[in-house]
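Contents: one structure, followed by commentary.
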Amino acid sequence: MKVLLLLLSVAAFAEDGKLIFQKSFPGSTPAWVKIVIEKNGQGVYTEAPDDPQPMTFKLHEHEAATMFGLAEKLGHFSRTLESGLAVAKMGDKTLRWEIDGKAQEQKFNYSSDVDAQQLTDWFEKISESERYLMELERSARFDKLGVNRVILQIQAAYEKKRLVAVDQFLKWLDRVTKNESYLNMARERAARLADIFRNPPPVEGTK
């Protein structure tokens, strides 16, 4: 009975919590970022504490599961992550876990923990993805000649596995595809990329 209650408690803990990442790195782009991820993959991205227009996105199931799995392996940030090594300044980072009004977090510049590195990289990929999305929207609205360049950058990032939540790009890729005011090469590339995003290859380890 005690084992069952413990398992139920662990399941509830894993089900309801949220992951939060914050990074401050003056002089970089962006200089400040905060990302909040819910268990179901819903996320919010902001580049200022008082950001009037936060960006929302939805991670794929395997993406969210991987991130929450890494957080679990890290004890939901119950242990120190800072390496203490003399390394260059890489930005002040915080990994935070919140559940039922309670929270635990770790702040660090550099961690030698492989799981912490991987989880931080996932958040970095989210930040990169949102920046690419902002650039695609900006160019689609105000710089039609620059759209082709941005799509090439997005394609390269995808091929390097630096994009997440790719469904969020479809709105703007479809807009470029269907609008004859854009360059033909941009429309063709947008169509091909949208097709890839709609029909991605199977993720290793999933059915």
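What is the angle, in °, between the Cα long axis of helix 61-73 and the longest principal axis of the Cα atoms in the chain? Nearest 10 is fine, range 0 to 90.
Helix 61-73 sits roughly 30 degrees off the main axis of the chain.
Based on the Cβ-Cβ distance of residue 195 and residue 56, what FRET efficiency does E = 1/(1 + (r/R0)^6) give at R0 = 25 Å, to the nearest 0.05?
That pair, residue 195 with residue 56, gives E of 0.55.
Connecting C-alpha atoms closer than 10 Å in a GNM of the chain, tell me which of 17, 75, 101 has the biggest fluctuation.
101
So for region 2-198, averaging the separation of alpha carbon pairs under 8 Å that are six or more residues apart and normalising by length, what relative contact order in percent results?
Relative contact order for region 2-198 comes out at 16 percent.
Taking the Cα centre of region 118-207 as origin, sum charge times position over the Cβ atoms of Lys and Arg (+1) and Asp and Glu (-1), and report the length of that vector in debye to the nearest 20.
For this selection, approximately 200 debye.
Starting from region 66-132, pick out the trypsin sites (Lys or Arg not before Pro) whose DSSP state is loop and whose Cβ has at most 10 other Cβ atoms within 10 Å.
Those satisfying the criteria are 89.
Roughly how many nanometres apart are two label points built 7 Å out from the Cα toward the Cβ at residue 65 and residue 180?
It is 4.6 nm.
Return 76, 60 ranked ascending by Cβ neighbour count within 10 Å, so the fewest neighbours appear first.
Going from least to most buried by this count: 60, 76.
What angle, in degrees between 0 and 90 and rounded to the nearest 10, separates the Cα long axis of helix 147-159 from the longest principal axis of the Cα atoms of the chain?
40
Which lysines does residue 171 reach when only Cα atoms under 17 Å apart count, and residues fewer than 8 places away in its own chain are ignored?
58, 144
Between 141, 162, 192, which gets the highest mean-square fluctuation from a Gaussian network model of the chain, Cα cutoff 10 Å?
Among 141, 162, 192, the largest GNM mean-square fluctuation belongs to 141.
Could you tell me which GluC sites (Glu not before Pro) in region 95-192 are loop residues by DSSP with no more than 13 other beta carbons within 10 angstrom of their beta carbon?
Answer in residue order: 180.
Applying 1/(1 + (r/R0)^6) with R0 = 22 Å to the Cβ-Cβ distance of residue 31 and residue 157, what FRET efficiency is obtained, to the nearest 0.05?
0.60
Any idea how far apart residue 145 and residue 117 come out in nm if each label point goes 7 Å out from Cα toward Cβ?
About 4.4 nm, to one decimal.
Every read-out reported here was derived from the displayed coordinates using simple, explicitly stated rules and does not represent laboratory data. Model, not experiment: these values are computed from the prediction. As a convention, Cβ positions derive from the backbone with ideal geometry for all residues, glycine included, and neighbour counts pool all protein chains shown.
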